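Notes to accompany the following structure.
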Amino acid sequence: MTDFQSLQRQFAGHVRDPERVPPPADIQDRRMAVYRELAFNNVAGLLAANFPVLRSRHDPAGWQALVRDWYRGHRARTPLFPALGGEFVTWLQQVGAVPDWQVELAHYEWMATVAANARADLDGIRHDPDGDLIDGRPLLSPLVWPLRYRHAVQRLRAGEHPDADAGAGIEQPTFLVIVRDRQDRVGFLAANALTLALVERLHRSQGRLSGRELLAGLASDTGIDHDRMLSAGRDMFGQLRQRHIILGTLPDPL
């Protein structure tokens, strides 16, 4: 390692962890302070923007300490600054730094960011928006993410008093579908277990199965009578199309 590389490592190490790593020699502390504050504040600001509800669940000192712990020891795997939020979520899942419901909240907030930034040209996908979703082959939008949580994270809002968290730690199976619609608006559908299972089947089938076949498979797996499932399925398909979760049906193969 060259002297310059050694200097770079010590410089970066001090910026990340000034309490444990001394600064390079012959650099005034007031100059190092500029780099320390600029680097940390950039990262802290990014995470605060990605996770506003999670941020509001901590007092300023607690949030700074949480971000500092991650910033100090994490080695980024992405060169893309906007993608760091995903690595922050993975870190929360691994280290147990916050309660489970806050880990799920962070993941939910991050998925909204993923949906907002995803690239997909819905207008370029061949489909019939008014097609028969039972006998045709329903087409799931590529801008859809089915999610399962143990806590109702979608009910929490930024700026609420911490007392609003009184029930946050109570387990309540939660099924959500995050979607970006044709107007590029990100929203979510609070689903039940059956609707989420249908969305997951749509994702796996990739348009290979008709709606009738999808519902028959779901009926067999759940033990629900096929006629009842078909009736419920018509309503589910209609709701999913209305929310732009299903785009329509695929054209018949040539």
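The values are calculated or read from the model by the stated rules, or taken from the named source; none is laboratory data. Everything quoted here is computed from the prediction, not taken from an experiment. FYI the Cβ positions are ideal-geometry reconstructions off the backbone, even for glycines, and counts take in every protein chain you see.
A few remarks follow.
- Taking the stretch 50-84 as the range and being touching a residue at least 60 places away in the same chain (Cβ under 8 Å) and either touching a Lys or Arg at 6+ places or on another chain (Cβ under 7 Å) or surrounded by 15 or more Cβ atoms within 10 Å (Cβ to Cβ) (or both) as the test, the residues that pass are Asn50, Val53, Arg55, Ser56, Arg57.
- Among the residues of the stretch 119-155, those that are part of a helix (DSSP H, G or I) and within 20 Å of Leu196 (Cβ to Cβ) comprise Val153, Gln154, Arg155.
Let's see how each residue does on (1) surrounded by 16 or more Cβ atoms within 10 Å (Cβ to Cβ); (2) among the charged types (D, E, K, R); (3) in contact with an Asp or Glu (Cβ under 7 Å, 6 or more places away or on another chain):
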| position | (1), (2), (3) |
| --- | --- |
| Gly86 | yes, no, no |
| Gln93 | no, no, no |
| Ala97 | no, no, yes |
| Val103 | yes, no, no |
| Ala106 | yes, no, no |
| Glu109 | yes, yes, no |
| Thr113 | yes, no, no |
| Arg119 | no, yes, no |
| Asp123 | no, yes, no |
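A quick yes/no check of all residues on (1) free of Cβ contacts under 8 Å to residues at least 12 places away in the same chain; (2) farther than 28 Å from Val153 by Cβ; (3) assigned to a loop (DSSP other than H, G, I, E, B):
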site: Leu189; (1), (2), (3): no, no, no
site: Leu194; (1), (2), (3): no, no, no
site: Arg201; (1), (2), (3): no, no, no
site: Ala216; (1), (2), (3): no, yes, no
site: Ser220; (1), (2), (3): yes, yes, no
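- Residue that is modelled with the highest pLDDT [pool: residues in the stretch 149-162 that are exposed (fewer than 13 other Cβ atoms within 10 Å of the Cβ) and out of contact with any helix residue (DSSP H, G or I) (no Cβ under 6 Å at 6 or more places or on another chain)]: Arg157
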